[in-house]
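The values are calculated or read from the model by the stated rules, or taken from the named source; none is laboratory data. Bear in mind that the values here come from a model prediction, so they are computed numbers and not experimental data. When we count neighbours, we look across all protein chains shown, and the Cβ atoms used for this are built from the backbone with ideal geometry, even at glycine. Surface accessibility is based on the protein's heavy atoms, side chains included, excluding ligands, DNA and RNA. Shrake-Rupley method; radii C 1.70, N 1.55, O 1.52, S 1.80 Å.
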Amino acid sequence: MEELDEQPADTIVNGLGRPDTHIGFDWGPGELLLYETRYPAKDLHFPTTGHLAFIRDDEELYSPVLRKLFNESHGIFVGLQRSEEAASSRSRKAQLVLVSKNYRSLLQACMQEMHKVASYSRDGKQSAKYSELLSILSAMELCWNLCEILFIEAATAGSLLVLLLDWIRLHASDIDRIAEEVLQSESPLQHDRFWDLITGYVLQARMDDARQLLAKQAAASASTRNMCRVLDDLLKKMPKFSSQTLTEFELKWQHWREECERHLQCGTFSSSPEMETICKVLLGAEDIMLEKKDLLGTWYHFLVSQLLFTHPTVTLTEIHSYAQSCLDIFNAGESSSEPLDNILLVAFELDIHQVIKEFSIGTNNWWFVAHLTDLLDHCQLFQSHNLYFGSNMREHLLLEYASGLFSHHSLWQLGVDYLDHCPELGRVYLELHMERIPLSTEKKALKALRICEERQMTEQVRSICKSMAMQAMRNRRLGSALSWSIRAKDAAFATLISDRFLKDYCERGRFSDLDLIDNLGSAMLLSDRLTFLGKYREFHRMYYDQQFEEAACLLLSLMTARIAPCSFWLTLLLDALPLLEQQQVIFSAEQTYQLMSCLEERTTAKLEPLHSEENLKAQDTSIEHTKLEMLRLALARNLARAIVKEGTAQV
């Protein structure tokens, strides 16, 4: 049966906020145990008041949208681990960039779906939760994209700014909203934000979009047509870094900048404050850009726009000083920066270890740091960074992420592959987690068993099988219990279940789960009692097929070999009764003597019967006495017939 996702229930913790109550806690896999205590002033060992609560920190695991993120990113992760090292470092770099883009594409798909779910939700509380998750996904994609540019691409001068512009365009959606508002109005040229839209396009280096709007303005106004054409020419001529050398680009850019300064000094745009403002933006005027703070939105947009018009050939090692300066200027007057700002700033510092640390502190999401660290480790950026407890950073984060997956009722299977690729402690973690998986269904147990068998985890295989065998026993499913005990190679438990089968046979007069017993094969050698069960069933098959002599020999061997429980001998002797009454002599004289010996041993020995005391009390002792007398009579008659037959044969 399909296992359905369930939202974790809200938990109210008793005692929080009361002055006379203290809360103790203890960590568990995927959850936190809180218990209410009352500690006197001098005694810290006062017993608890009895209130317990489990606080879960894995709500994201139960979101259907994020389930898609976890499942599909697992495939990307495994594919990356299995990929072979390429011969060329360039092709290896291209492969890692492609993997990074695959992760980001998955994040973007989840963001779109989360946005749709949040907008359609009629529950205000649920909608707010989805919106919060959407903001987390957006921050993750923003940070991942920047890390891709700075660490995986490791972009050089010129191409670095090109990639940063793409980064800004992707994550700055305010301009697109303004464009929709302006262009859908009845008179776009008269709209209050028409020139803001052109300025916003320029700040993002979307010169073609800005020129289209300028062309509309030029066509509609003869007085500004000449200025529009000059500004259009400046936007058109702005150099774009591509395949030319860095020196050629800087030379072209310097000539273009000088042309912009000349037009500004000559007052070409003096009669149009809006165009003059745009020209100042092209020259990177800091004060003008800060006036357009609402169009920039964030300090990192301000940073990229500043570099675009002042230092387009910035390098990785130079960008940090610009980043810190832009953050201070843009957030002037604000008391403190946001956690996301700190993450981006340390990324610009090229301190990837601090990026991972800051994101881990800022959110409770291990998905981002685990997958990003793994990818960057393949870029060989973490080789010299080992943690004090024996594991490197990549492995530590993967272990934490996988442990969170194991707390979910179905995502735990993904966690197995993550632990498989943790060479130091992955095996140990996997063994511990597999022992703690709640085996709620047989299907889940078989999945866990297959995982353990593939990895030769012998102890865990036995533990799973024994646990399932016990569950089957409690549910009176003897066949399933026997099957699991055989799989666990647990002789003692197989003996116990075999006794239950024999008891069930005595009570009902037939065996259950015949298919299993008939196909024990070599498994019956696991214990003497199981061997007896299999052979006893074989005796019944022989008798049914009228192989009387073979059945008689097998029945006698089951008693004389001492593998049958003594309490079952009476049943075996009664099974011999139909063979003793056959027209032809089945048991020889010697075999008959052996049966008599077994009968006498059964009647004289003090045995612990297979039946329970309640069943024994219900039995009529006179019936058993009658059965014994019938057996003695049948054995005596068979002995006489056997002696006559054997004597006649000798003559």
Sites matching GluC sites (Glu not before Pro) across region 145-216 that sit in DSSP coil, with at most 10 neighbouring C-beta atoms within 10 Å: Glu186
Once you place label points 7 Å from the Cα toward the Cβ at Leu577 and Gln190, how far apart are they in nm? 11.3
If you take the beta carbon distance between Glu624 and Arg427 as r and set R0 to 60 Å, what does 1/(1 + (r/R0)^6) give as a FRET efficiency, to the nearest 0.05? 0.55
Label points 7 Å out from Cα along the Cβ direction at Glu454 and Glu349: separation in nm? 4.2
So for region 132-229, using the alpha carbon gyration tensor with a ≥ b ≥ c as root eigenvalues (a/c under 1.5 gives rounded; past that, a/b versus b/c decides prolate or oblate), I'd call it oblate
Could you work out how much longer the chain between Cys566 and Glu338 gets when fully extended? Use 0.36 nm per residue separation minus the Cα distance between them, nm to one decimal. 74.1 nm
With a Förster radius of 56 Å, plug the Cβ-Cβ distance of Arg637 and Arg462 into 1/(1 + (r/R0)^6) and report the FRET value to the nearest 0.05. 0.60
Kirkwood Rh (inverse of mean 1/r, distinct Cα pairs), region 64-166, angstrom: 15.4
How much length is gained on full extension from Glu400 to Ser242, taking 0.36 nm per residue of separation minus their Cα-Cα distance? 52.6 nm
Expressed as a whole percentage, what fraction of the accessible surface of region 524-597 belongs to carbon and sulfur atoms when a 1.4 Å probe is rolled over the protein heavy atoms? 48
Multiplying the sequence separation of Lys489 and Thr441 by 0.36 nm and subtracting their Cα-Cα distance, what value in nm do you get? 15.2 nm
Apply the a/c threshold of 1.5 to the C-alpha gyration tensor of region 264-321 and tell me whether it is rounded, prolate or oblate. oblate
Residues of region 101-185: accessible area per residue with a 1.4 Å probe, Å²: 45
How much accessible surface area, in Å² rounded to 10, belongs to the heavy atoms of Asp528 with a 1.4 Å probe? 110
Using a probe of 1.4 angstrom, how much of the accessible area of region 468-513 is carbon and sulfur, in percent? 45
Applying 1/(1 + (r/R0)^6) with R0 = 45 Å to the Cβ-Cβ distance of Ser512 and Arg82, what FRET efficiency is obtained, to the nearest 0.05? 0.45
Violations at 31 Å Cα threshold for listed pairs Lys101/Lys240; Lys240/Lys357; Lys292/Lys357; Lys216/Lys280 -> Lys240/Lys357; Lys292/Lys357
So how do 366-376, 218-228, 585-595 stack up, highest first, on mean other-Cβ count within 10 Å? 366-376, 585-595, 218-228
Estimated distance in nm for a label pair at Lys93 and Glu318, the labels positioned 7 Å out from Cα along Cα-to-Cβ: 1.9
Rounded, prolate or oblate: which fits region 200-309 when a ≥ b ≥ c are the square roots of the eigenvalues of the alpha-carbon gyration tensor, with rounded for a/c under 1.5 and prolate only if a/b beats b/c? oblate
Under the rule of at least 5 residues apart or a separate chain, name every residue whose amide H is placed under 5 Å from the amide H of Asn392. Leu387
In Å², what does the accessible area per residue of region 360-482 work out to with a 1.4 Å probe? 46
